[in-house]
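For reference, the structure is listed below as structure tokens.
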There are 2 protein chains.
Amino acid sequence: MAIQTLADIGEFGFIDRIAARAHTEEGVIKGVGDDAAVLDCGGKDYLLYTTDMLIEGVHFLRTIMAPQEIGRKALACSISDIAAMGGIPTYAVVSTGAPYNTSRSFLEDIGQGFNDLAKEYHVSLVGGDMTRSNRLIINVALLGKVKKDQVIYRAGAKKGDCIFVTGSLGNSFKNRKHACFTPRVNEAQYLLEHARPNAMIDVSDGLAGDLGHILEQSGFGAVIRTTDIPLAKDASLDQALHDGEDFELLFTVPAQKADALRRCKKYRFFEIGTICSKPGMFLVDEKGRKRQIEPKGFEHF
Amino acid sequence: MAIQTLADIGEFGFIDRIAARAHTEEGVIKGVGDDAAVLDCGGKDYLLYTTDMLIEGVHFLRTIMAPQEIGRKALACSISDIAAMGGIPTYAVVSTGAPYNTSRSFLEDIGQGFNDLAKEYHVSLVGGDMTRSNRLIINVALLGKVKKDQVIYRAGAKKGDCIFVTGSLGNSFKNRKHACFTPRVNEAQYLLEHARPNAMIDVSDGLAGDLGHILEQSGFGAVIRTTDIPLAKDASLDQALHDGEDFELLFTVPAQKADALRRCKKYRFFEIGTICSKPGMFLVDEKGRKRQIEPKGFEHF
């Protein structure tokens, strides 16, 4: 029998396995399995809590990203997770691994990229750990807050819901969107006020993979109209479905709330399909032909 | 002019520089610069918040540590930080980087070591991120809680305070203490009840380095009696002063409270010296000879 490796079980399989055996204390409203954990720490709001690790050569290359962009991206990924729960980011702690000979100015530029975005989103950097490493590694853990009746989970999609995304998808690396995307905090707050989504996730692993998480956790299927998927510059349908790092919000709203979003002038929300009772993910093309696709996105393994 | 690198400015210099320029929102009682950040999120208690990154080849070697020990240590380091603030650990999120061909059983054993310690200290694992990496990397961000009037900072030492440590120091790697140390949460809680320390820190970089942090932040000096420093098995005085990874608590208490600790039967507290008004760190040997030493500990660069 072959030894099973991480490549066989994948990121999500592994985290789920460990978490399933983990100890859970009171105050955990939602643990592993959504964009961020939801905690009740006794305050008026719930606390949101997420962690993201960026590694040189996996998530970024120094050759094609400025240090400011690297620092910005490290924080932006985590802010996007908080936004996807309906929250506002608040406090960050950062662990950094860097080679011994990393220049001070390079590191300070990373810090500046981080700090600039932190200021824009009112995030306080409150702690850090710094260590030696053969490659540059940045881990951001981020807290956020959300009103107790406004948390949006992946699991809440309902039959008949309209499915929307906040922006165009695919080809994020070539278009450099992965290096300078806007975390959709403001859009999420607008949605909470005007359309109260039933389910939401950020598209970090491609539309198919991330819609798959919503469908699996909600227990429904989806019909997506390929002609309505907003394709990024030079992106193919396949890239929109399976590329990573778009960091748009993907969400579902009750049909009667959809009109408010279609008419919205402040932000552009792209309606791409409908939640259906039949499990599975179905694409309908411009000629009305329907085919089922796998809920498979970009895997970091 | 030579380019300054991380090696020149060091871990603490760099974090301080970035933090000094960081944006700070309300609710931050203490940001960068102590064992953990202290936050007011509106609840009855303050929130504590810390992050620690462990990298294969820097903080652990697979050849000399079992995977269960690696997982345990990743959490134990962070629990130690929470203990040093007078707090109780609560919620953890973990980012893991691992090579593609890492075996499932190895990773599950890491998870088991983590989970076993989490259960012992009532810590809930509430989120995770998993990515590909050429070396094994584990980052733990940990929250804790502490009563608002019980936070213990590095900066609180007073002239005349007695200085204590919770256990023996030095030679942690050879003795394998670094792989299986006990985070001193219970000891810290006992101290809060019976002696209310003025200042506290965990000894992760050696006695000299970590006492140096207390002295610098408190604006005082210290006289340490070398014969009273509890040396670990086969440890030299030099190792006790400058080795890393002991993870004992180092704290100062008003002289009138010291007796309760000297007589304590439940835990052993080792009294090693006194806080003095003259800045600097002074060692007094068995013959009464006094010499000043540098507050330099183990640097991870």
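Net charge dipole, chain A: roughly 720 debye, given to the nearest 20, about the Cα centre with Cβ charges of +1 for Lys and Arg and -1 for Asp and Glu. Quick one: angle between helix A:6-20 and the longest Cα principal axis of chain A, in degrees between 0 and 90, rounded to 10, please. On a 0 to 90 degree scale, this one is about 90. Take each residue of peptide A:107-117, count the partner chain Cβ atoms within 10 Å of its Cβ, and average: the result is 3.
Suppose the chain between A:LYS257 and A:LYS174 were pulled fully straight at 0.36 nm per residue; how much longer would it get relative to their current alpha carbon spacing? Before the final figure, lay out the partial values.
Numbers: separation 83, 0.36 × 83 = 29.88 nm, distance 3.51 nm.
Here the answer is 26.4 nm.
Restricting everything to alpha-carbon atoms, can you work out Rg to Rh for chain A with a Kirkwood hydrodynamic radius?
Values: Rg = 19.2 Å, Rh = 19.9 Å.
With Rg and the Kirkwood Rh in hand, the quotient comes to 0.96.
Computed over region B:28-146, the convex hull of the alpha-carbon atoms projects to a mean area of 7.5 nm².
Please report, as a whole percent, how much of the solvent-accessible surface of the protein assembly as shown comes from carbon and sulfur atoms (probe radius 1.4 Å).
Working: 11530 of 23640 Å².
Roughly 49 percent, rounded to a whole number.
Amide H to amide H, with H built 1.01 Å from N, A:ASP129 comes under 5 Å of A:VAL94, A:SER95, A:THR96, counting only residues 5 or more places away or on other chains. Assuming charge only on the beta carbon of Lys and Arg (+1) and of Asp and Glu (-1), the dipole of region A:116-161 about its Cα centre is about 240 debye to the nearest 20. A cut-off under 13 angstrom between Cβ atoms defines the neighbours of A:THR50, and their net charge, with Lys, Arg +1 and Asp, Glu -1, is -4. Buried area at the A:B interface is about 6800 square angstrom, summed over both chains, from accessible surfaces computed with a 1.4 angstrom probe.
On a 0 to 90° scale, report how tilted helix B:207-218 is relative to the longest principal axis of chain B, with both axes built from alpha carbons and the result rounded to the nearest 10. Value to nearest ten degrees: 70.
Annotation: peptides A:179-189, B:147-157, A:31-41, ranked by per-residue average of other Cβ atoms within 10 Å with the highest first, follow the order A:31-41, A:179-189, B:147-157. Annotation: amide H-H contacts under 5 Å for A:LEU169 (H modelled 1.01 Å from N, sequence separation of 5 or more, or interchain): A:LEU231, A:ALA232. Compared with the dominant Cα axis of chain A, that is its longest principal axis, helix A:104-120 is turned about 40°.
The magnitude of the dipole of region B:28-146, with charges of +1 and -1 set on the Cβ of Lys/Arg and Asp/Glu and taken from the Cα centre, is near 200 debye.
Gyration tensor analysis over the Cα atoms of the protein assembly as shown returns equivalent ellipsoid semi-axes of 47, 23, 22 Å (largest first, whole Å).
Regarding region A:98-169, what is the average projected area of its C-alpha convex hull, in nm²?
Mean orientational projected area (region A:98-169, Cα hull): 8.5 nm².
Where q = 0.15, 0.16, 0.19 Å⁻¹, what log10 of I(q)/I(0) comes from the Debye formula for region A:154-293, counting one point per Cα? So the normalised log intensities work out to -0.67, -0.77, -1.10. A point 7 Å from Cα along Cα→Cβ stands in for B:THR227, and the other copies hold the same point at 9.3 nm, listed in rising order. Rounded to the nearest 500, the helix-only mean residue ellipticity at 222 nm of chain A stands at -9000 deg cm²/dmol, with each DSSP H run of n ≥ 4 adding -39,500 (n - 2.57).
Ignore the peptide's own chain and count Cβ atoms of other chains within 10 Å of each Cβ in B:56-62; give me the average, rounded.
On the way: counts 2, 3, 5, 2, 0, 0, 0.
Average neighbour count from other chains, rounded to a whole number: 2.
Ordering B:CYS77, B:SER103, B:VAL126 by the projection of their Cα atoms onto the charge dipole of chain B, which places +1 on the Cβ of Lys and Arg and -1 on the Cβ of Asp and Glu, puts B:CYS77 at the extreme positive end.
Solvent-accessible surface of chain B, taken per residue with a 1.4 Å probe and all protein chains present: 39 Å². Counting 0.36 nm for each residue step from A:TYR267 to A:LYS158 and taking away their Cα separation leaves a gain of 36.9 nm.
Enter the mean number of other protein chain beta carbons within 10 Å of the beta carbon of each residue in B:32-40, as an integer. Don't skip to the end; give the middle numbers.
Values: counts 7, 3, 1, 1, 3, 9, 2, 8, 1.
Shielding by partners across B:32-40 averages 4.
The values are calculated or read from the model by the stated rules, or taken from the named source; none is laboratory data. Since this is a predicted model, take the numbers as computed values, not measurements. For neighbour counting, all protein chains shown are included, and Cβ atoms are generated from backbone atoms with ideal geometry for every residue, glycine included. Note: accessible area is taken over every heavy atom of the protein model, side chains too, but ligands, DNA and RNA are not part of it. Shrake-Rupley method; radii C 1.70, N 1.55, O 1.52, S 1.80 Å.
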